[in-house]
Amino acid sequence: MKLNEIKEYLKIDEDYEDSLLNELIEASEVYIESMVGESYKANKKLIKLADLLQKRIIADMYENRSTTVGQDVKQDRITTSILEKLSNCTEDIKNERF
């Protein structure tokens with residue numbers, strides 16, 4: 001993920017938070033790989049899903065910088081389902097389900 005892509009996604013024009021955004025890009029890459037591995041990188045459609053997931057994770061980390069979570073916070077179903085799909089993609093790739 002490139003800095004300009006995430007700035008466009010978050011609708012950020014200024015440069016003063018570029019350092020933070022670069023850190024969030026790196027952290028989100030580490031997070032995704034630690035959660036699902038790298039098997040998804042063998043399939044273009046799964047890479048697109050991973051890119052969307054990364055944007056959503058970065059947006060969440062950027063917009064919610066607190067270390068506490070309110071009781072009314074719900075789990076993001078799209079993010080969860082993409083994580084599950086990427087985690088289980090090895091069999092899909094073997095069976096060419098894409």
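The values are calculated or read from the model by the stated rules, or taken from the named source; none is laboratory data. Remember, predicted model here, so these are calculated numbers, not experimental data. Because the Cβ atoms are built from the backbone with ideal geometry, glycine has one as well, and the counts that use them run over all protein chains shown.
Odds and ends about this structure:
- Just one of (1) within 23 Å of S81 (Cβ to Cβ); (2) in a helix (DSSP H, G or I); (3) not β-branched (V, I, T) fails for N22. It is (1).
- Taking region 44-98 as the region of interest, the helices (runs of 4 or more DSSP H) fully inside it that hold 3 or more residues being acidic (D, E) and modelled with pLDDT of 75 or more are 44-63.
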